[in-house]
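The values are calculated or read from the model by the stated rules, or taken from the named source; none is laboratory data. Computed from a predicted structure; not experimentally measured. Methodologically, a virtual Cβ is constructed for each residue, glycine included, from the backbone with ideal geometry; neighbour enumeration extends over all protein chains shown.
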């Protein structure tokens, strides 16, 4: 962290001629289980991680905001006026900054000036670890602190989701922003996405660690299968609502689904709904078995989750399947699954800490032989949500 902060301080002075006054951090997230559930009214089980996005800022005396990222050093700082925000896809990541400023002002909060910003993230972009939600909540916390706005943390979460849905064009649920905002060190979040009730559950994996395995295949959510899957779930829900009084697929138990699945004569809609219902049940089972310290069963649930995402939801692909299959076959691995939206991005594995290096070497060898390029690996440490760094 110290190296990142030093680079940020140096770059800020180099780009803007002054030193920054405030420093912030916003994490990425890993969803341990419960994929493609947050827009279907079910339960998810994410945690914030210690990789994330750092930002340094300084208030200005005019209404200009200037933004620069060390992750895109070839791009010049982008600037916009908070009194006349114009969205332009050519501004890439700065669209998220504009979106959070726009929604904050639109909610009636006052910003008397603009600011200069430099960020640096150590989450791989488009990896499925929520770099976009990390950026959204980073800007939310910056605005809240810099202008003393006292915005409720849940409102910041909802603003982040609104940026994704209305400005970026990704019909995502609320899990990513919630995990990034509400994360606590060494705790996972058991979240009901229908009513946003949540419970912090100790992320105690005993002698095991969560290994993140990055396919290094980029995927852009807005142009991927993500929005299509959401539409299919909405269609399945509409069919089932003719016979059952539900507002979301996540309300159905497995037994209830078995009684009404005959209504889904379209095989694709049947598969999508079946994944949602069974995955929601797996989340509930995961919380129970972790509280019982039954890590072997947790590992099995990870495998079942990936199989459902592959066969019923069709969002894995050869890269993720190769990683998960390779990891699952290694001694010391209790289970593995893709995490995030899929179609590239990352998978996770529950691995005995003593076996991590051997597992990485074996999986890397298989992946390189099958896919033709290397994967990247990280140990996930469970950390705090978005915050000020003093």
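For segment 170-189, the tally of residues that are over 12 Å from the mean Cα position of the chain (by Cα), surrounded by fewer than 22 Cβ atoms within 10 Å (Cβ to Cβ) and touching a residue at least 60 places away in the same chain (Cβ under 8 Å) stands at 5.
Residues in segment 261-275 that are within 14 Å of residue 309 (Cα to Cα) and surrounded by fewer than 16 Cβ atoms within 10 Å (Cβ to Cβ): 268 only. For segment 238-276, residues that are touching a residue at least 40 places away in the same chain (Cβ under 8 Å) and closer than 19 Å to residue 192 by Cα total 8. Restricting the first member to segment 212-223 and to residues that are over 24 Å from residue 381 (Cα atoms), and the second to residues that are modelled with pLDDT under 60 and surrounded by fewer than 21 Cβ atoms within 10 Å (Cβ to Cβ), no beta-carbon pair is closer than 9 Å while six or more apart or on different chains.
Say we look at segment 322-353 and pick out the residues that are closer than 18 Å to residue 364 by Cβ and modelled with pLDDT under 95; which of these is surrounded by the fewest Cβ atoms within 10 Å (Cβ to Cβ)? The qualifying residue surrounded by the fewest Cβ atoms within 10 Å (Cβ to Cβ) is 344. Of all residues assigned to segment 90-103, at least one qualifies as being under 18 Å from residue 53 (Cβ atoms) and outside any helix (DSSP H, G or I).
Would you call residue 80 touching a strand residue (DSSP E or B) at 6+ places or on another chain (Cβ under 7 Å), assigned to a strand (DSSP E or B) and closer than 24 Å to residue 203 by Cβ?
So residue 80 does not fit the description; no.
Among the residues of segment 139-169, those that are over 23 Å from residue 234 (Cα atoms) and free of Cβ contacts under 8 Å to residues at least 24 places away in the same chain comprise 144, 148, 150, 152. Taking the criterion of being in a helix (DSSP H, G or I), in contact with a strand residue (DSSP E or B) (Cβ under 8 Å, 6 or more places away or on another chain) and surrounded by fewer than 17 Cβ atoms within 10 Å (Cβ to Cβ), the only residue of segment 107-162 that qualifies is 145.
Against the criterion of being over 19 Å from residue 193 (Cβ atoms) and touching a strand residue (DSSP E or B) at 6+ places or on another chain (Cβ under 7 Å), residue 284 does not qualify.
Picking from 74, 35, which residue would you name as being at negative phi and buried (at least 22 other Cβ atoms within 10 Å of the Cβ)?
Going through 74, 35 in turn, just one is at negative phi and buried (at least 22 other Cβ atoms within 10 Å of the Cβ): 35.
Out of curiosity, is residue 87 surrounded by fewer than 15 Cβ atoms within 10 Å (Cβ to Cβ) and either in contact (Cβ under 8 Å) with a residue 60 or more places away in the chain or outside the structural domain of residue 14 (by TED's automatic domain parsing) (or both)? When the stated conditions are applied, residue 87 passes them.
With respect to residue 18, determine if the residue is outside the structural domain of residue 315 (by TED's automatic domain parsing), touching a helix residue (DSSP H, G or I) at 6+ places or on another chain (Cβ under 9 Å), within 30 Å of residue 347 (Cα to Cα) and in contact (Cβ under 8 Å) with a residue 40 or more places away in the chain. For residue 18, the condition - outside the structural domain of residue 315 (by TED's automatic domain parsing), touching a helix residue (DSSP H, G or I) at 6+ places or on another chain (Cβ under 9 Å), within 30 Å of residue 347 (Cα to Cα) and in contact (Cβ under 8 Å) with a residue 40 or more places away in the chain - is not met. Would you point out which residue out of 279, 258, 251, 319 is crowded, with 17+ Cβ neighbours inside 10 Å, more than 16 Å from residue 339 (Cα to Cα) and modelled with pLDDT of 95 or more? So the residue among 279, 258, 251, 319 that is crowded, with 17+ Cβ neighbours inside 10 Å, more than 16 Å from residue 339 (Cα to Cα) and modelled with pLDDT of 95 or more is 251. Which ones in segment 319-371 are part of a loop (DSSP other than H, G, I, E, B) and under 25 Å from the mean Cα position of the chain (by Cα)? 340, 341, 342, 343, 344, 345 - these are the residues of segment 319-371 that are part of a loop (DSSP other than H, G, I, E, B) and under 25 Å from the mean Cα position of the chain (by Cα). Inspect all residues belonging to segment 59-71 and state whether any of them is at pLDDT below 95, closer than 30 Å to residue 3 by Cβ, in a loop (DSSP other than H, G, I, E, B) and out of contact with any helix residue (DSSP H, G or I) (no Cβ under 8 Å at 6 or more places or on another chain). Yes: one or more hits.
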